[in-house]
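The structure under discussion appears below in the form of structure tokens.
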Amino acid sequence: MIAGYAVPDFVSDFWHFYVAGITIVSVLGIIWFLKAQSTQRKLAPGEKAEMLEHAWDGDLQEFNNPLPRWWLFGFWFLILFSVVYLVLFPGLGKFAGMLGWTSAGAYTAEKSQIDGEFNKVMEPFLTMDITAVAADPTAKEMGQRLYLTYCSQCHGSNAQGDGKNFPNLTDGQWLFGGDPATIKASISGGRLGEMPANMLGDEASAKEVANYVLSLGGKPHDAALAAAGQAKFAACAGCHGENGKGMVAAGFPDLTDDAWLYGGSEAAITETVMKGRKGGMPAFQDMLGDAKIQLLTAYVWGLGGGQQAAAPQQ
Ligand code: HEC
Ligand code: HEC
């Protein structure tokens, strides 16, 4: 990068000179045009402006008077302004301008100023216990607004995950855990749940295992298929546990409860086993920062499913 040049959007210098050239030629062209118009038609002392041949709208006539001075000065001023502007700010190809101003820089400065003011208001909440923040009405209101802005597209405006494939955040069933520290880790670091596809080799086996899964949860199922699926569930037990209760903390879902990400019918479970699943929760640390994540953690924790202690690591 050459000093004084912005990070180029142009792949080659040709376009830089091409674009800058057009700009400079245009400005010079306007100067030439204006000079030509303002010098040629000076009236000699005693000379009167002659009327041009044509008339519009019946009686609208045109005289070839010189351009009014105030108008000309206005025009010269605009040209001067554009030259000063192009020297100071980016506008000529990839020349960055003497002031080094960038829209990205202006955005960052403005954002950090707003963040700074926000963080000042937030400071007391940052050092408070999550359970205390959750009990504070102001914090709750701010948390709800943040939630609606950043989280509701996926988890639903009531946080019940009504968009399919997104977990309900209000119940006590957690993929990773419902204690303050784990919720905070989910939000700041993001989560990725990956279930391998077609481990059993064919759809018939997947259907048998699906029925076995239903039987583990005490739900209606086909007993013969479930019996055939029992041995095959060994392939699943490493993650979901012998009893299908999953492993909270590792994000392996409990298959015996009623909290389904992808649906709990025989067909939906068979589809999960055949196709695999990959649920992704984006990381918010860089985007939101500590203060907002603190408020969001308290808000989610306070929705009804919050737990006091971390789930035991298995
Ligand atoms: C792009 C969609 C998306 C957005 C936006 C999103 N999430 Fe998630 N979130 C998910 C998915 C998907 C999962 C489940 C990940 C998995 O399957 O392992 C998840 C998981 C979680 C979990 C863990 C739940 C558990 O059971 O342990 C929490 C807590 C959470 N999200 C909170 C939030 C908060 C708070 C926000 C807003 C800052 C948010 N999410 C924004 C998609 C999203
Ligand atoms: C390597 C670990 C792993 C193995 C082995 C595994 N799973 Fe999974 N399973 C997961 C993960 C992780 C998820 C959650 C995916 C997500 O968060 O998007 C999941 C999700 C599921 C779901 C969806 C749960 C819901 O809430 O909708 C079902 C059903 C399921 N697994 C059944 C099985 C069966 C049956 C087997 C054996 C054939 C199996 N799994 C093997 C890791 C595993």
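Once the Cα atoms are used to define both axes, helix 266-275 deviates from the longest principal axis of the chain by about 60 degrees. A helix-only calculation puts the chain at -17000 deg cm²/dmol for mean residue ellipticity at 222 nm, using -39500 (n - 2.57) for each DSSP H run of at least four residues, averaged over all residues. Taking Gly74, Gly201, Gly263 in turn, the Gaussian network model of the chain (Cα-Cα springs below 10 Å) assigns the largest fluctuation to Gly74. In the chain, the alpha-carbon atoms span a convex hull of 315 Å³ per residue. Comparing Lys278, Lys48, Lys184 in a Gaussian network model of the chain where C-alpha atoms under 10 Å apart are linked, the largest mean-square fluctuation is found at Lys48. In this structure Trp56 has an accessible area near 120 Å², from a 1.4 Å probe over the protein heavy atoms.
Highest GNM mean-square fluctuation among Val84, Val300, Val209, for the chain modelled with Cα contacts below 10 Å: Val84. Projecting the Cα positions of Leu67, Leu52, Leu88 onto the charge dipole of region 13-101 (unit charges on Cβ atoms of Lys, Arg, Asp and Glu, taken about the Cα centre) puts Leu88 furthest along the positive direction. Could you tell me which of rounded, prolate or oblate describes region 189-314, using a ≥ b ≥ c as the square roots of the eigenvalues of the alpha-carbon gyration tensor, with rounded for a/c under 1.5 and, failing that, prolate when a/b is larger than b/c and oblate otherwise? The shape class here is prolate.
Compute the Cα gyration tensor for region 13-101, then decide on rounded, prolate or oblate, letting a ≥ b ≥ c be the square roots of its eigenvalues: rounded whenever a/c is under 1.5, prolate when a/b is larger than b/c in the other cases, and oblate in all that remain.
It comes out prolate by the Cα gyration axes.
A full extension of the chain between Val19 and Ala135 corresponds to an added length of 35.9 nm, given 0.36 nm per residue minus the alpha carbon distance. Projecting the Cα atoms of Asn158, Leu34, Ile114 onto the charge dipole of the chain, computed from C-beta unit charges around the Cα centre, puts Leu34 farthest toward the positive end. With all protein chains in place and ligands, DNA and RNA left out, the 1.4 Å accessible area ranks Met98, Met281 as Met98, Met281, largest first. Residue ranking by accessible heavy-atom surface, 1.4 Å probe, largest first, among Asp136, Asp286, Asp13 comes out as Asp286, Asp13, Asp136.
Using the crude model of +1 on Lys and Arg Cβ and -1 on Asp and Glu Cβ, and no other charge, please compute the dipole size for region 13-101 relative to its Cα centre, in debye to 20. Numbers along the way, then the final one.
On the way: 6 positive and 7 negative charges, 100 e Å.
That gives region 13-101 a dipole magnitude of about 480 debye.
Expressed as a whole percent, the accessible area of the chain that falls on carbon and sulfur atoms is 61 (1.4 Å probe). Accessible surface computed residue by residue for region 197-314, with neighbouring protein chains in place and a 1.4 Å probe, gives 49 Å² per residue.
Hey, can you find the accessible area per residue of region 13-101 for me, probe 1.4 Å, expressed in square angstrom?
Roughly 79 Å² per residue, with all protein chains present.
Placing +1 on each Lys and Arg Cβ and -1 on each Asp and Glu Cβ, with no other charges, gives region 113-301 a dipole about its Cα centre of roughly 200 debye.
The values are calculated or read from the model by the stated rules, or taken from the named source; none is laboratory data. The structure presented is a predicted model; accordingly, all values stated were derived computationally and were not measured. Neighbour counts run over all protein chains shown; Cβ positions are idealised from the backbone, glycine included. Heads up: the accessible areas ignore ligands, DNA and RNA and are worked out on the full protein's heavy atoms, side chains in. Shrake-Rupley method; radii C 1.70, N 1.55, O 1.52, S 1.80 Å.
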